[in-house]
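Asks: This structure is in structure tokens; I'll ask about it shortly.
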Amino acid sequence: MIWLLIASLTGIVILGLLWPLAQPVDDSRSVDDGDFYRGQLQEIERDRARGLLDAQSAEDAKTEAARRLLAATKVSEAPADSGAMAARRKIASLIALIGVPVLALSLYVKLGSPTLPDQPFAQRAAAPDENADLSVMVAKVEARLSDHPDDGLGWGTIAPVYLSVGRYDDAIKAYGNALRLLGETADLRSGLGEAKMAAADGIVTADALADFEKAFARDPKNERAQYYRAMAAEQDGDKPRALTLYRALLETLPPDSEPAQLVTARVAALSGEQARPVFDPNAGQSAMIRSMVERLDARLSSDGSDLEGWLKLMRAYQVLGDAPKARDAYSRAKTAKAGDSEALAKLSSAAKELGVAN
Amino acid sequence: MSVELGHFALIMAFATALMQTILPMWGAVARDPALAGMARYSAFVTFGLVLFAYIALTLAYIGSDFSVANVVMNSHSTKPLMYKISGVWSNHEGSMLLWVMILVLFAALVALRGGGMPERLLASVLSVQGAIACAFLLFIILTSNPFLRLADVPFEGQGLNPILEDPGLAIHPPMLYLGYVGFSVAFSFAVGALVHGRIDAVWARFVRPWTLLAWIFLTLGIAMGSYWAYYELGWGGWWFWDPVENASLMPWLMGTALLHSTIVMEKRDALKVWTILLSILTFSLSLLGTFLVRSGVITSVHSFASDPARGVFILGILTVFIGGGLSLFAWRAPSLKQGGLFAPVSREGALVVNNLFLATSAVAVLVGTLYPLVLETINGSKISVGAPYFNLTAIPLFVCLLMLVPFGQSLAWKRGDLIGVGQRLLAALGIAIVSILITFAVTRGGPVAAPLGLGLGVWLIAGSATEIISRCYRRGLSWKVVVERAFGLPRSAWGTALAHAGMGITVIGIAATAWGVESLAVVAKNEPLAVGPYTVSLEQAFKRKGEGFREDVAQFTVKEGATPRGIIESSKRVHTGREMPTTEAGIVTYGFGQLYASVNEILPDGRVSIRFYWKPLVTLIWGGALIMALGGAVSLADRRVRIALSAKNKRALALRAEAKA
């Protein structure tokens, strides 16, 4: 269907381009400067007749126009040679007939996405198989919050969603509002800390740590607060304290649960003299890394402008041993950065280096 | 389907623009009417294709088709329809598409209106237009393609920036672009003439309406941008010598010079080479303006493209068109037939002076705009050339030029009579001096420059009035005849007078800023605060909900003496969803002045920290610009066919014509 439309459009365009060549050459159309001044003379005469010019100035104007007419006709060109003209017309028609479609189609095949259909919003929103998209929920809650900004539960609901899709600043605000409206809870407080940490690219800042400490003081069993307090110590280079805190957390966790595995991995990494933060691939394929990578993935899917993010994502998948996903990330990154040659170059060299592409 | 078809149409437009470049130029050089005749149709076809692509993109915006990356980045399903449509050009890719659409629209208009134009001139003009379109279409397709698709379609777009949702911002870019791009026609005419080696009054007559049209739009665009900055940024200023503002001012200055030099060329067949050069330079500055805003080399509020690959591409375009245009000029200009000489004291002599001033001030602005850039490239130091530089360079040039304007306007063509003109302008000068003295007396102890500036504005207005009056009033004529003669004046005379008077009005508005008053205070309820001649007092501070935002409003009552003069309110607005706070300035107009309120903070105890400005006559700045544009429009409506002759030199000409015959 699309190709049919493209073909018709091409046809119409070529017809339009060749139209003038199909017309007999009309010599009278090749107006020269002389005609301009002859027209001017007539104009002056008309104006004089209508009384816009008095006789004297009309006469003067005509004199000057006539003088220029003489000058113009003096340099008039010789007529064209008709045999060469026919040859030129043939070449021109060929260029229009072949050059235009070939150039347009080859560029379009390289750049276009002819297989992708239009996806207007209304059509997608009405589609029955729309499986309660996260963004739909966000949109609905946002709409509700816009009418009821004092709905603490709404803020509390949307805050972790913002966090998971990478809208960290929005998450900080939402957690803040929820805390203000619902009162202090360890969960919300540690969520705020996590949002701040995520906004600071995974660094537990003093500000975020204060939140975790508050959450911990309110509920010493809060896992998130415990975990990030330990991570703060680890990032500060205070290994003994980090180990103590991790081990304390491990005691409260059900053994063999995903979080427990994650913490165990941290403990192992720290005791193995490898004080590296979470993104260290040697720390094992923990659920936490998975979830962070997925979060990054989700963020990049909605906003693909972050080149560093794409590079990180490719590396993460490759390190996690998920080669298909790494390749997928590479191809999506290329789509997102299409047209940005420098970014594409960086992507492709990184892909080669990582073995994602060859 | 329509998105992909639009993408294809855009690529196809590149191919047809290439045809439009090559075949007509070949036809023009080989003097082949058939090939030259292809120019018009290929211009129509290219315009049709770009329009198709533009509509396809707009439809994708209206329908919130988030399979298009550009729509995802810059739109949102809940945006009001108007901002979905203006969202198309609120971003780099879309605005470049708008740029090209205006470019090919101008080409199509030239093709449509080109009936009486010599075929070869038309063919080469459209060919050059085609070349510009080619370059920009390729730029869009390869580096800034708005039609790139996403396989994973996000459900919602990200373009929900409430600051950018503003009618001023929606209309301002198309206006500026119409101005920038309009000068491309003058450029194409210049290159066309250089290729031909022929240039004369015919050329000037065809190029003039396009220059005028571009100038009108650029004037409106600059005025609108300035007003937008004034009411939206909340600083109360209206011109910041920001690089992006300068980027539009430079082509305006050069374009104004061009406008005046084409008059000389049309009327007197002189200043030909200079006019060609100005055409090239004006469009070069327009391109530079596009470059300054789009490449992100300059960090500024407006620069939203920050991609070096694009910058390099635009630099290439600049090199080809500016360098190419100037090289062609250097090569071909000496072979052009020079126009006639003329006396220094004459209308054309005065226009040369005007041109020198305008071109010099454009260069002064250019240096101030580019110097920091160059310095940063060379040794990495970041400096900012601010208002002091421009006040010392460009402003004195403007002032000198404006003082001379009434003289130039009143001088006759060919050979003017300076003393006669001086006598005629005596009344205007008197009015200006008297208004300066009165203003000094009234505003004793105030700023010195303001009354002088006001006098300059009055001088311009009175000079324009003198010109009109002296052309229709003679002692002894009855009023009926005078009115008839006034109606009989060519529209271009009225246009000139209006445009110069409009400039005078703007100057008065600018001068009056020196009398502005600023009050910054924290006020409690009903506590009076004096702002210039007015007293404001806080009526109430309250919360309010609008569509998509809530705001804390501070409402003040305004009194002049004891007379109530209404209310003024300013607010802190928070847009829901994005939680982004903005300040909404409150502006109330009294006469030609404006009271401007900008709330800083509403304190918990109900007091309000607020900034008030009283700006007398400030609206004249933009009002004057509107009148200038109106003058341009009136001039455009003039049936400029006759070769006007000055009454004084009729006999001399007749004698010379006889001698020649």
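Bear in mind these aren't lab numbers, they're just calculated from the coordinates by the rules spelled out. The structure presented is a predicted model; accordingly, all values stated were derived computationally and were not measured. Cβ sites come from the backbone with ideal geometry, for glycine too, and all protein chains shown count toward neighbours.
Asks: Treating the Cα atoms of the range B:459-540 as identical point scatterers in vacuum, please give the log10 of the normalised Debye intensity I(q)/I(0) at q = 0.17, 0.25 Å⁻¹, two decimals.
Replies: Here log10 of I(q) over I(0) equals -0.76, -1.11.
Asks: Calculate log10 I(q)/I(0) of the range B:402-498 for q = 0.10, 0.14, 0.21 Å⁻¹, where I(q) comes from the Debye formula with a single equal point scatterer on each Cα and nothing for solvent.
Replies: -0.33, -0.60, -1.05
Asks: Report, in debye and to the nearest 20, how large the dipole of chain B comes out about its Cα centre when Lys and Arg carry +1 and Asp and Glu carry -1 on their Cβ. All intermediate terms of the calculation are to be shown ahead of the outcome.
Replies: Details: 50 positive and 35 negative charges, 613 e Å.
Using Cβ point charges on Lys, Arg, Asp and Glu, chain B gives about 2940 debye.
Asks: Using mean Cβ contacts within 10 Å as the protection proxy, how do A:167-173, B:558-564, B:206-212 order, highest first?
Replies: Descending mean neighbour count gives B:206-212, A:167-173, B:558-564.
Asks: Quantify how strongly other chains surround peptide A:13-22 by giving the mean number of their Cβ atoms within 10 Å of each of its Cβ atoms.
Replies: Numbers: counts 11, 4, 2, 8, 11, 2, 7, 11, 6, 1.
Shielding by partners across A:13-22 averages 6.
Asks: Quote the charge dipole size of the range A:135-288 about the Cα centre in Debye, to the nearest 20; the model charges only the Cβ of Lys and Arg (+1) and of Asp and Glu (-1).
Replies: The dipole of the range A:135-288 has a size of about 120 debye.
Asks: Right, here's the next one. Semi-axes of the range A:304-354's equivalent ellipsoid from the Cα gyration tensor, sqrt of 5 times each eigenvalue, largest first, rounded to whole Å? Walk me through the numbers before you get to the answer.
Replies: On the way: eigenvalues 60, 21, 15 Å².
They are 17, 10, 9 Å, listed from largest to smallest.
Asks: Further question: Mind checking B:57-65 for the average number of partner chain beta-carbons within 10 Å of each residue's beta-carbon? Mind dumping the intermediate values first?
Replies: Numbers: counts 0, 0, 2, 3, 0, 2, 6, 6, 8.
Per residue, the number of nearby Cβ atoms from other chains is 3 on average.
Asks: Can you give me the convex hull volume of the Cα atoms of the range A:135-288, divided per residue and expressed in Å³? Kindly include the intermediate steps, with their values, before the conclusion.
Replies: On the way: hull volume 17.0 nm³, N = 154.
Roughly 110 Å³ of hull volume per residue.
Asks: Can you give the Rg to Rh ratio of the range B:229-274, both from alpha-carbon atoms, with Rh computed by the Kirkwood formula?
Replies: Numbers: Rg = 16.6 Å, Rh = 12.9 Å.
Across the range B:229-274, the Cα-based Rg/Rh ratio is 1.29.
Asks: What average count of beta carbons from other chains do you get within 10 Å of the Cβ of residues in A:259-266?
Replies: On the way: counts 0, 0, 0, 0, 0, 0, 0, 0.
Average neighbour count from other chains, rounded to a whole number: 0.
Asks: Same structure again: Could you work out the helix-only [θ] at 222 nm for chain B, with each DSSP H run of four or more residues adding -39,500 (n - 2.57) and the total divided by the number of residues, to the nearest 500 deg cm²/dmol? It would help to have the intermediate numbers written out before the result.
Replies: Values: 20 runs with 416 residues, N = 661.
Dividing the helical sum by the residues of chain B leaves -22000 deg cm²/dmol.
Asks: About its Cα centre, what dipole magnitude does the protein assembly as shown give when the only charges are +1 on Lys and Arg Cβ and -1 on Asp and Glu Cβ, stated in debye to the nearest 20?
Replies: 4220
Asks: Shape of the range B:517-615 from its Cα gyration tensor (a ≥ b ≥ c, root eigenvalues): rounded if a/c is under 1.5, otherwise prolate when a/b > b/c, or oblate? Mind showing how you got there, number by number?
Replies: Working: a/c = 2.11, a/b = 1.66, b/c = 1.27.
In terms of gyration-tensor shape, prolate.
Asks: Could you tell me the extents of the range A:196-257's C-alpha atoms along the three principal axes, largest first, rounded to whole Å?
Replies: Rounded to whole Å, the extents work out to 31, 25, 20 Å.
Asks: By what distance, in whole Å, do the Cα atoms of the range B:55-157 stretch along each of the three principal axes, largest value first?
Replies: 55, 27, 16
Asks: Next question, about the same structure. Picking from B:231, B:604, B:630, whose Cα lies most toward the positive end of the charge dipole for the protein assembly as shown (charges on Cβ: Lys, Arg +1; Asp, Glu -1)?
Replies: Towards the positive end, the residue furthest out is B:630.
Asks: Could you tell me which of the pairs A:173/A:337; B:272/B:414; A:140/B:572; B:79/B:545 are separated by over 19 angstrom between their Cα atoms in the structure shown? Before the final figure, lay out each step's value.
Replies: Working: A:173/A:337 30 Å; B:272/B:414 16 Å; A:140/B:572 25 Å; B:79/B:545 17 Å.
Where the Cα-Cα span goes over 19 Å, the pairs concerned are A:173/A:337; A:140/B:572.
Asks: With a/c under 1.5 counting as rounded, go ahead and sort the range B:340-492 into rounded, prolate or oblate using the C-alpha gyration tensor (a ≥ b ≥ c being the square roots of the eigenvalues; past the cut-off, prolate if a/b is larger than b/c, else oblate). Intermediate values should be presented prior to the final figure.
Replies: On the way: a/c = 3.08, a/b = 1.65, b/c = 1.87.
Because a/c hits 1.5 or more and a/b fails to exceed b/c, the range B:340-492 counts as oblate.
Asks: Per residue, how big is the convex hull of the protein assembly as shown when only Cα atoms are used? Give it in Å³.
Replies: Values: hull volume 218.1 nm³, N = 1019.
Spread over its residues, the Cα hull of the protein assembly as shown gives 214 Å³ apiece.
Asks: Got a sec? Charge dipole of the protein assembly as shown, +1 on Cβ for Lys and Arg, -1 for Asp and Glu; which of B:262, A:257, B:83 is way out at the positive end?
Replies: B:262
Asks: Right, something else. What shape does chain B have by the C-alpha gyration tensor, where a ≥ b ≥ c are the square roots of the eigenvalues, rounded means a/c under 1.5, and otherwise prolate means a/b greater than b/c and oblate the rest?
Replies: Numbers: a/c = 2.09, a/b = 1.11, b/c = 1.89.
Oblate, because a/c is 1.5 or more while a/b does not exceed b/c.
Asks: Can I ask one more? So for each of B:493-505, A:183-195, A:344-356 I average, over its residues, the number of other beta carbons within 10 Å; can you give me the resulting order with the highest mean first?
Replies: Those peptides, ordered most packed to least, come out B:493-505, A:183-195, A:344-356.
Asks: Divide, for the range B:125-239, the radius of gyration over alpha carbons by 2.2 N^0.38 Å, where N is the residue count. The partial results should precede the final answer.
Replies: On the way: Rg = 19.6 Å, N = 115, 2.2 N^0.38 = 13.4 Å.
Taking N as the residue count of the range B:125-239, the ratio is 1.46.
Asks: How would you rank B:400, B:134, B:472, going from fewest to most other Cβ atoms within 10 Å of each one's own Cβ? Write down the numbers at each step before the final one.
Replies: Working: B:400 13, B:134 22, B:472 17.
Ordered by Cβ neighbours within 10 Å, fewest first: B:400, B:472, B:134.
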